[in-house]
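Since the structure comes first, as structure tokens, the remarks are kept for the end.
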């Protein structure tokens, strides 16, 4: 039974619609996919089974953080360097982005990152309740055409799922440079009973807070000025 602010029980989630392949990979990147990815890839459980984050890493971790759509992996790798005690789980179906993160893992010898090289939704659905200490959704595809809005990650069902896996008071950090998507995100997350927007003034969303490193995509600001939104999971 759920109480006020609690999300519904697990349910099947819609798939992502982003592209999976880009430019042809250089030989070195292809070799990384063959050599390193099997060591750091998340092993998904059988349908309906739980995915225990603690079993993904060789050593116990203080907490587990999740990045949905890590792009080229710069943010996830930075967080892994800054927080060696945290187990970082990243989801990204775009193979070029996966190879980029593998290169960063290889260069820095990072052992606290695990990769799900596919849609985040099945992984989220398999994670146990309250198992994630922080979740990032940075510059997701805005899907600007109205007929594609259903493809945006932020939807009531997806927010239910993220709320379920987040620990009490955990942060859900979201960023976008698309004004239409920012409005969409604020509308849906603010009306969800499991989340509270932490902003107190305009400066809180106009500038990246501490611990939010810039990425190459962010520097391009393709659609406009980046907006940084931090939501907190309301205590059950």
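Kindly evaluate residue 102 against the criterion of being at pLDDT 95 or above, under 26 Å from residue 216 (Cα atoms), in contact with a helix residue (DSSP H, G or I) (Cβ under 8 Å, 6 or more places away or on another chain) and surrounded by fewer than 21 Cβ atoms within 10 Å (Cβ to Cβ).
It is false that residue 102 is at pLDDT 95 or above, under 26 Å from residue 216 (Cα atoms), in contact with a helix residue (DSSP H, G or I) (Cβ under 8 Å, 6 or more places away or on another chain) and surrounded by fewer than 21 Cβ atoms within 10 Å (Cβ to Cβ).
Among the residues of segment 72-98, which ones are part of a loop (DSSP other than H, G, I, E, B) and either under 22 Å from residue 165 (Cα atoms) or modelled with pLDDT of 95 or more (or both)?
73, 83, 84, 85, 92, 93
The values are calculated or read from the model by the stated rules, or taken from the named source; none is laboratory data. Keep in mind the model is a prediction, meaning the values are calculated, not measured. Don't worry about glycine lacking a Cβ; one is built from the backbone with ideal geometry, like all the others, and counts go over all protein chains shown.
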